[in-house]
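Q: Please find one structure pasted underneath; my questions will follow.
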Amino acid sequence: MIRNPWRHNEPLDHAELARLLPPPADPRLAADRQDLLEEYLMSEIHQSDHAPAATPARRPLRRAVLFAAPVAAAAALAVVVSVGGSPGTDTVAAPELVKAPVVQIEEGSTVQLASTVREIAAAATARSTPQPGPGQFIYIKSRVSFMSTRNNVDTGESTTWVQPLHDREVWKSPDGTKGWLDEPGYQDKGGITLDNEAPRKQSTYKWLATQPTDPDALLKSVYATVSGDRDHDQQAFNEIGSVIREQLVPAGLAAALYEAVGRIPGVVVVEHAQDVSGRDGIALARLDPQTGERSEWIFDRESHQYLGSRGVQVREFNGVKPGTVVERTTIVTRAIVDAKNQRPGAGQATV
C-alpha cells in the first residue's frame, strides 16, 4: 500500500491493509489446555478474593505470561500470574521461566501404527483399573512444564520460554463437581478449589463410564463433542489426549480408546520420544495443521504403559522454531483416595 507522506489526512485503505497483514491467530484451545487455562484463571480469582485490601503503593508485582495455551493462541490469550506476593498473603512467587529445550525432529510414520495400537490396547486391557466409589476422588500427580513466549517489540525477536518442571496434583470427584488443584508456585500455598456445579461433562469419569467400548462407536461419540471450523480430527485427538493425561479411564474403555485414536486421520507413530525423565519411549502423535505443533503421547517401549506427553514444534509458527519442546508432562501417580486433598497411602488403589 503506497501513501503520500505529505497528505496526513489521506484516508486508510482498510481493505488493502487487511490483505497485507497476516491472518489473526485462532484463539480456540484444545480441551485439555482449556481446562488447564481455566484452572490458572481460577487461581487468580481465588488470590484476588482472599487478598487483604492494599494501597496502590503496596500492590503486588505482576507480570503477564502466556501459560498452557497453544501456539496459535499466543497472540490472543494472556494469563496474569503473580510473581511476587503482598506481605501477609499465602501467595508464593512463581519460579523463573527457563529456555525451552530443543530436540531433533524425528519423522512419524503410519507403517507400524496398527501393530503399535494393538500392543498398547492389549496392555491396557491386561491392567486392572479400580472404580471410584461414592465420596471418593481420583488423584493424579504429574510433573509438567508449559510454554510462555516473550517477544522483544524493539528488535522483533522472540524467545520461547517454559515453566521449570514442577509437581501438579489434582483431585477430581467422578462427576466433576468437586475437585482440588495443588501446583506449588502457581497457586496459593496449599492449592485452590476446582469445585464446579456445571463441569464440562466430557472431562468427567462419570461421562466416560457411559461411553461405548466399540472403537467406531466411541470415535463417533468423541467427534460429537467437537465443533467449529478448526480441524475436527485434531480436536478429536486432543479430546482423547485430555482424558489420557489427567483422568482415570474406566475399565474396559481404555483399549477402545486407543483403538479409536489409531483410526483418526493423521495419527502416526514416532519411534523415539523422550519423556521428562529422559526415558526413551514410543509415541502416538499428530501434527496440528494450523499451529505446526505435534502432540506426542509417550508409552513405555516394553510394557506399553502411558508415560506422559510432549509437544514439539515441527513447523515454525509465531516465532517458535522447529524442534522447540513447548509442553512436557509425565504421570507420577494415578490413584483413588477417600477424600479431597488426601494423598494415596498404604491400602489405597493405584493405577
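The values are calculated or read from the model by the stated rules, or taken from the named source; none is laboratory data. The structure displayed is predicted, hence computed values, not measured ones. Neighbour counts run over all protein chains shown; Cβ positions are idealised from the backbone, glycine included. The protein model used for the area step is the full one, side chains on, heavy atoms only, and it has no ligands, DNA or RNA in it. Shrake-Rupley method; radii C 1.70, N 1.55, O 1.52, S 1.80 Å.
Q: Do we have any residue at all in region 110-118 that's part of a loop (DSSP other than H, G, I, E, B), modelled with pLDDT under 60 and surrounded by fewer than 15 Cβ atoms within 10 Å (Cβ to Cβ)?
A: no
Q: While we're on this one: Among the residues of region 263-293, write down those that are of a type in the set (K, R) and at pLDDT below 95.
A: R279
Q: In region 248-258, is there at least one residue being of a type in the set (V, I, T) and outside any loop (DSSP other than H, G, I, E, B)?
A: Scanning region 248-258, I find no residue that is of a type in the set (V, I, T) and outside any loop (DSSP other than H, G, I, E, B), so the answer is no.
Q: Does any residue of region 146-157 turn out to be among the small types (G, A, S) and farther than 30 Å from T324 by Cα?
A: Scanning region 146-157, I find no residue that is among the small types (G, A, S) and farther than 30 Å from T324 by Cα, so the answer is no.
Q: Of the numbered conditions (1) within 29 Å of S173 (Cβ to Cβ); (2) buried (at least 19 other Cβ atoms within 10 Å of the Cβ); (3) without any contact (Cβ under 8 Å) to a residue 60 or more places away in the chain, G281 satisfies every one except a single condition; which is it?
A: Status for G281: all satisfied but (1).
Q: With respect to W180, is the statement that it is out of contact with any strand residue (DSSP E or B) (no Cβ under 8 Å at 6 or more places or on another chain), among the aromatic types (F, W, Y) and over 25 Å from A285 (Cβ atoms) true?
A: Values: out of contact with any strand residue (DSSP E or B) (no Cβ under 8 Å at 6 or more places or on another chain): no; among the aromatic types (F, W, Y): yes; over 25 Å from A285 (Cβ atoms): yes.
So W180 does not fit the description; no.
Q: Still on this structure, please answer the following. Being over 18 Å from the mean Cα position of the chain (by Cα) and either acidic (D, E) or open to solvent by less than 50 Å² (accessible area, probe 1.4 Å) (or both) is true for just one of D233, D182, D188. Which residue is that?
A: Being over 18 Å from the mean Cα position of the chain (by Cα) and either acidic (D, E) or open to solvent by less than 50 Å² (accessible area, probe 1.4 Å) (or both) holds for just one of D233, D182, D188, which is D188.
Q: Being more than 21 Å from E316 (Cβ to Cβ), in a loop (DSSP other than H, G, I, E, B) and open to solvent by 40 Å² or more (accessible area, probe 1.4 Å) is the filter; apply it to region 130-153 and report the residue that is modelled with the lowest pLDDT.
A: Within region 130-153, the match that is modelled with the lowest pLDDT is P134.
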